[in-house]
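See below for the structure under consideration.
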Amino acid sequence: MENQNLNLDENIMEEDAEFALENSVADDFKRGCKLYNFRRPDKFSKEHLKALQDIHRDFVRHLATILTAYLRMEVEIDVISVDQLTYEEYVCSMPSHVQNMIFKLNPLSGEISMGMSPEVLAVVLDRMLGGAGTINDHGKELTQIEELLTIKFVEKIIKILEEAWGTILPVKSEFVTLANGYHSVPITTSGEIVTLISFEVRLGQKNFGLMNICFPYPVLETVLPKLTPQYIYQHANVVANEIGKNETLERIKSAEIEMQVILGMAQIEVNDVLDLKIDDVIKLDQKLNEELVACINKKEKFYVAPGVLQNKICVKIVDQYRPKE
């Protein structure tokens, strides 16, 4: 009888403990807390995902412009989601007939996956082969020629992605391989956290499809401190100013400017100028062994030495001009 009472008391205590734990968890949720899943940890913060969204919005904006001209048809691309999940979940969520392209963004370590639905790829290949951009047998395997065209197309895409990532750090895109599906060429372990960026692609007025880019966590780990909207906006202004400066310099390189070499100067009266005749000599303030001054757009820039080259008078720049104190 005593044993039965003890067992009953223990059961009551366990039920009270479970009830207390449930109440504690419920209280935590009311305070905005949530349970942490150690099997699937959140390695990317909301700020990281927002920064990735901003980077790839700029990427698809530029990509749509380039592809519109390249394919000679209207192309619109939108970022529809940025999520984090395990690589296994990512692979299982992708249809088997989606084309998988593997590439790198050096010096980021590891490989990146790009998926493209057959509807999008079929229209692109048809346009590259001179067609009207219609979908024909988009579920079939690619021929050797189509694979080469797909690689060329992907290299163009990742080149634009390389430019978009320039706001974070200079990267160099490198195409790795083309695979049919995701199981044959894994880019990381099944339990690794990845960030998946999904895009909706509209080709013309009637063709729609999806594209996605998968970044494993180890690829982005070294640049996570820079993946903030504040850093991107500040750094983007610096990069834009530097690019603008370089572009301006490139444009003005071919501009013509006037260059003059001053042989010497003299001050004479107007009456003497009126009386000048052939063979008259004007004494200059320049000595024979002194260097001459070269002017660019009427501003003194260099000291030069006179000479002759191929029977033509020339000057050699010997130093930068410094005003005499």
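The values are calculated or read from the model by the stated rules, or taken from the named source; none is laboratory data. Please read all numbers here as calculations on a predicted model, not as lab measurements. Heads up, the Cβs are rebuilt from the backbone with ideal geometry, glycines too, and the neighbour counts pull from every protein chain shown.
Structure summary
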item: Among (1) surrounded by 13 or more Cβ atoms within 10 Å (Cβ to Cβ); (2) modelled with pLDDT of 85 or more; (3) within 30 Å of MET101 (Cβ to Cβ) - the single one SER190 does not satisfy; result: (1)
item: Out of MET73, MET101, MET116, sole residue that is within 19 Å of the chain's Cα centre (by Cα), assigned by TED's automatic domain parsing to the domain that holds LEU224 and under 20 Å from GLU200 (Cβ atoms); result: MET101
item: Cβ pairs under 9 Å, 6+ apart, first in segment 273-291 and farther than 29 Å from LYS316 by Cα, second assigned to a loop (DSSP other than H, G, I, E, B); result: LEU276/ILE268; LEU276/ILE282
item: Matching option when the condition is modelled with pLDDT of 85 or more and in a loop (DSSP other than H, G, I, E, B), among ALA266, ALA255, ALA305, ALA294; result: ALA266
item: Flag for LEU148 being surrounded by fewer than 19 Cβ atoms within 10 Å (Cβ to Cβ), free of Cβ contacts under 8 Å to residues at least 60 places away in the same chain and either over 22 Å from PRO95 (Cβ atoms) or not hydroxyl-bearing (Ser, Thr, Tyr) (or both); result: yes
item: Residue that is among the hydroxyl-bearing types (Ser, Thr, Tyr), more than 21 Å from SER96 (Cα to Cα) and in contact with a strand residue (DSSP E or B) (Cβ under 6 Å, 6 or more places away or on another chain), where the choices are TYR217, TYR182; result: TYR217
item: Odd one out for LEU227 among (1) under 30 Å from GLU88 (Cβ atoms); (2) modelled with pLDDT of 85 or more; result: (2)
item: Test result for PHE199, assigned to a strand (DSSP E or B), among the aromatic types (Phe, Trp, Tyr) and over 16 Å from LEU67 (Cα atoms); result: no
item: Meets criteria (out of contact with any Leu (no Cβ under 8 Å at 6 or more places or on another chain), at pLDDT below 80 and over 30 Å from TYR87 (Cα atoms)) for VAL239; result: yes
item: Residue in segment 293-312 that is surrounded by the fewest Cβ atoms within 10 Å (Cβ to Cβ), counting only those that are hydrophobic (A, V, I, L, M, F, W, C) and closer than 19 Å to ILE257 by Cα; result: ILE296
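Residue-by-condition table, conditions (1) buried (at least 20 other Cβ atoms within 10 Å of the Cβ); (2) of a type in the set (D, E, K, R); (3) in contact (Cβ under 8 Å) with a residue 24 or more places away in the chain; (4) not in a strand (DSSP E or B):
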| site | (1), (2), (3), (4) |
| --- | --- |
| ASP78 | no, yes, yes, no |
| SER81 | no, no, yes, no |
| TYR90 | yes, no, yes, yes |
| PHE103 | yes, no, yes, no |
| GLY110 | no, no, yes, yes |
| GLY115 | yes, no, yes, no |
| LEU121 | yes, no, yes, yes |
| GLY130 | no, no, no, yes |
| GLY133 | no, no, yes, yes |
